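The values are calculated or read from the model by the stated rules, or taken from the named source; none is laboratory data. In this text the structure is predicted, and so the values were computed from the model without any measurement. Glycine gets a Cβ as well: all are built from the backbone with ideal geometry, and neighbour counts include every protein chain shown.
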Amino acid sequence: MARVDAIITCHNYGRFLGEAIESVLAQSHPDVGVVVVDDGSTDETAAVAARYADRGVRYVGGVQGGAGQARNAGLQATSAPLVAFLDGDDAWLPDRLAIGVSHLERHPQAALVAGHAFACDEAMRPSSIVHALREPACGNVFEELLVHNVVLNPSSVLIRRSALEAAGGFSELAVAQDWDTWLEIAKRFPIGFADEVVALVRRHTNGITLRAGRERVDVQLRVVDRHLPDVHPAWKRPLLRRAAASAACLHTGLNSAIQGNRRVARRYAIEALALNPFTLTRRKLALLTRVFVSESLVRSLSRILRDDAQQARELTGQAVVVPDA
């Protein structure tokens, strides 16, 4: 079985770090090295990492340049042919590495393999599944990845070290380093996707995410513009940029809706659909419904669905699962 180096990067997530480390040590894959890279933390990160030294967990400090630089420091401190990154506030499911290693063995041409992730609250209770691309199992997805990040964040990705080195290491942009890195890799190699949930991604108030509103859209388009010249033939470029702008508006609208700002969410929902109604259509329509349909109507529909489900259970004696409206 191929050896994997797990690189956990942490910036003031000491209260979550033990859970992240435990999830790596509990992997069913038998050959895993673990390194914690401390990205300028001022909390208990170093002390938490030290508690695992006798279980083979190494600690790398003295880094203070952001997540991308921390991941590159982890690469320099390790040597295994396969690399898996984990943010210090996230965790892995037990078969996360086994699934990835098996996929890369079946698809030797793939530079990396991405899986789905549970989106969780601060207590790590799953609320939904964030899906990576479901098709193909392995293929050229550069143009699709240019529209939006179908590979997801580093916590659900297993990468060949050789592919990262060919791409120049991990991106050190101020934001969206992971997306920028996947694009560099996708220009050169096929990308693999496993249709399984492999990670738990914690969402909390101190999480490092893109900013809201127009700034978020502009940040995403700056990443797109870095890679757009590599699209050929050239006539595709304005079409892909428009689709990417639409996807950026969709994600900004979703973020605004989650934060409870329905007015801003409505504006970006309409803009996303107007820019490109043909990509991510279901998500765009779902956002429009969410921000334009009154909450009281949604609650009423949810009650009706639950009442119907209860009647069906009573009549058939079978369990009927109805999703929340």
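I'd like to know if segment 131-153 contains one or more residues that are among the small types (G, A, S) and free of Cβ contacts under 8 Å to residues at least 40 places away in the same chain. No, segment 131-153 contains no residue that is among the small types (G, A, S) and free of Cβ contacts under 8 Å to residues at least 40 places away in the same chain.
For segment 80-91, the count of residues that are part of a loop (DSSP other than H, G, I, E, B) and within 19 Å of R160 (Cβ to Cβ) is nonzero.
Exactly one of (1) more than 15 Å from L133 (Cβ to Cβ); (2) touching a strand residue (DSSP E or B) at 6+ places or on another chain (Cβ under 8 Å) is unmet by F193. Its number? Unmet for F193, out of (1) more than 15 Å from L133 (Cβ to Cβ); (2) touching a strand residue (DSSP E or B) at 6+ places or on another chain (Cβ under 8 Å): (1).
Can you find, within segment 40-94, the residue that is surrounded by the most Cβ atoms within 10 Å (Cβ to Cβ) among those that are aromatic (F, W, Y) and out of contact with any Leu (no Cβ under 7 Å at 6 or more places or on another chain)? Among those residues, the one meeting the criterion is F85. For segment 69-79, which residues satisfy the criterion of being in a loop (DSSP other than H, G, I, E, B) and farther than 22 Å from E105 by Cα? Passing the criteria: only A77.
Scanning segment 227-261 for residues that are in a helix (DSSP H, G or I) and either surrounded by fewer than 16 Cβ atoms within 10 Å (Cβ to Cβ) or assigned by TED's automatic domain parsing to the domain that holds F142 (or both) yields a count of 7. Pairs linking a residue in segment 178-201 that is under 28 Å from C120 (Cα atoms) to a residue that is buried (at least 23 other Cβ atoms within 10 Å of the Cβ) and among the basic types (K, R), with Cβ atoms under 6 Å and 6 or more positions apart or on different chains, are V198/R96. Segment 113-222 holds strands (runs of 3 or more DSSP E) entirely within its bounds, and those carrying 2 or more residues that are in the same structural domain as G68 (by TED's automatic domain parsing), small (G, A, S) and at pLDDT below 95 map to 126-130. Got at least one residue in segment 8-30 being farther than 19 Å from W92 by Cβ, small (G, A, S) and either in contact with a Lys or Arg (Cβ under 8 Å, 6 or more places away or on another chain) or without any contact (Cβ under 8 Å) to a residue 60 or more places away in the chain (or both)? Taking every residue of segment 8-30 in turn, none turns out to be farther than 19 Å from W92 by Cβ, small (G, A, S) and either in contact with a Lys or Arg (Cβ under 8 Å, 6 or more places away or on another chain) or without any contact (Cβ under 8 Å) to a residue 60 or more places away in the chain (or both). If the condition is being more than 20 Å from V157 (Cβ to Cβ), acidic (D, E) and not in a loop (DSSP other than H, G, I, E, B), then segment 23-46 contributes only D38.
Assess whether L97 counts as being surrounded by 21 or more Cβ atoms within 10 Å (Cβ to Cβ) and more than 19 Å from Q27 (Cα to Cα). No: the conditions fail for L97. Any residue in segment 277-285 that is in the same structural domain as V217 (by TED's automatic domain parsing), in a helix (DSSP H, G or I), more than 16 Å from Q220 (Cβ to Cβ) and out of contact with any helix residue (DSSP H, G or I) (no Cβ under 9 Å at 6 or more places or on another chain)? Yes, some residue in segment 277-285 is in the same structural domain as V217 (by TED's automatic domain parsing), in a helix (DSSP H, G or I), more than 16 Å from Q220 (Cβ to Cβ) and out of contact with any helix residue (DSSP H, G or I) (no Cβ under 9 Å at 6 or more places or on another chain). Scanning segment 13-35 for residues that are within 21 Å of E122 (Cβ to Cβ) and buried (at least 19 other Cβ atoms within 10 Å of the Cβ), we see that the one that is farthest from the chain's Cα centre (by Cα) is G14.
Within the bounds of segment 96-106, is there any residue that is part of a strand (DSSP E or B) and either under 21 Å from the mean Cα position of the chain (by Cα) or at positive phi (or both)? No: segment 96-106 contains no residue that is part of a strand (DSSP E or B) and either under 21 Å from the mean Cα position of the chain (by Cα) or at positive phi (or both).
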